[in-house]
Amino acid sequence: MKKKVLSAMLCVAMVGTLAVGCGSGGGKDTSSSSGDGAAKSNEDLKIEIVSKGFQHQFWQSVLKGAETKAEELGVKINFNGPNSESDIADQVQMLQNAVNAAPDAIGLAALDTSACLDAIGQAQSAGIPIVGLDSGVPDAPEGAVVANASTDNYAAGEKAAEESWNAALKERIENATEPVRIGVMGQDATSESIVNRGLGFIDKIASLCKESGKTVTVEGNEKYISDSKVEATSDADVIIEIAVPSQVTSELSALDCQNLLSKSDTIAIYGSNQHSGDAMVTGNKNLNKFGTGEGQVIGIAFDSGATIKNAVKDGTFIGAITQAPVSMGETVVDLCVKAAKGEEVSDVDTGCQWYTAENMDDEEIAQNLYD
């Protein structure tokens, strides 16, 4: 009888030992910030955001949106970034500090993903979700970045085309009795964001022209020609010419603009980023061709540096597209909170805005205009 009792007691002890072992032994440590996030209330959540350049006006606008959303949701955020977008080592250290702080989520716009890989790997191992913003974290390890808050650059290019079409291009093209030319200036043919801004504009203009019964062809840079949806057409009513400099210099881009302005059939030029928009202003200095008057060339830009804003304000450009950094800041905080709580998240287009001399001082637009 004593043997049976002793045997039963040993069995109970073994079961107890196994239970403790299962609770504290192998498997992923659920005490990480990600594991706790789902159980935490918003006021207990901690989010780190590492931007590309804290002092740049664009990032100050992102910060404004992030702080607004953080206050709305009742979460704590720490927003940081290097002094300039060339300070890669500084950003890497800031990201490492963010990971060491064991937050519930991290927002990151990487200057150089390869330089950030160690810290990204540590975050992934600790179960800390990363949300990309702006250009995000291209080529990050699979699963490390759960979502991105960024501008849909193709859609932004389409918006530039549609707004300028409604404002002036439609009338010019439909009333033209001879072929006309629209220039598209790209800083390069390698950057995904710049190429997509160009392609969105090209494809949308071509579609609008066809709706008006006009034929369209594309010429110039081979990358844009091959990636656009426009089929080459001889004797087209509208020629879209893409100009990309052999090297990314202000001088070469300004020369591209001058060449386009010097062609008698050019009715409009679109610059797909700040570099190209600035070069359009430089290229126009001695020619004075931009404007909306009889025989002038319609100028359309992207981004909102001081030179472009002044050109819009004084009528040199008919308008320009700005990204929406305030919305970007709001969105990245919202995505971080959801990811920290284990909710399903996906990429979000943070949008863009068309601004003109008439609306650029409106509060909703002005908060997104950056130098």
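The values are calculated or read from the model by the stated rules, or taken from the named source; none is laboratory data. Just so it is clear, the model here is predicted, and its values are computed rather than measured. With ideal geometry, Cβ positions are generated from the backbone for all residues, glycine too; neighbour counts draw on all protein chains shown. These accessible areas exclude ligands, DNA and RNA; they are computed on the full protein's heavy atoms, side chains included. Shrake-Rupley method; radii C 1.70, N 1.55, O 1.52, S 1.80 Å.
Structure notes:
- Pairs of Cα atoms nearer than 8 Å and 6+ residues apart set the relative contact order; for region 119-251 it is 24 percent.
- The chain - mean residue ellipticity at 222 nm from DSSP helices (-39,500 (n - 2.57) per run, n ≥ 4, rounded to 500): -13500 deg cm²/dmol
- Using the 1.4 Å probe convention, the accessible area of region 108-175 works out to 40 Å² per residue with neighbouring protein chains retained.
- Within region 77-154, the proportion of C-alpha pairs whose separation exceeds 18 Å stands at 33%.
- For region 204-351, the relative contact order is 14 percent, taking Cα pairs closer than 8 Å that sit 6 or more residues apart in sequence and dividing their mean separation by the residue count.
- Cleavage-rule hits (GluC sites (Glu not before Pro)) in region 122-166: DSSP loop, at most 16 neighbouring Cβ within 10 angstrom: 142
- Residue-wise HN-Hα coupling along region 98-105, computed from phi with Karplus coefficients 6.51, -1.76, 1.60 (Hz; x: Gly, Pro): 5, 5, 4, 6, 6, x, 7, 6
- Average accessible area per residue (Å²) across region 264-371 - probe 1.4 Å, nucleic acids and ligands excluded: 39
- The overall shape of region 229-371, judged from the alpha-carbon gyration tensor, is prolate: a/c is not under 1.5, and a/b is greater than b/c.
- Percentage relative contact order, the chain, counting C-alpha pairs under 8 Å, at least six apart: 19
- Of 40/341; 159/289; 159/210; 64/341; 289/313, pairs whose Cα-Cα distance is over 19 Å: 159/289; 64/341
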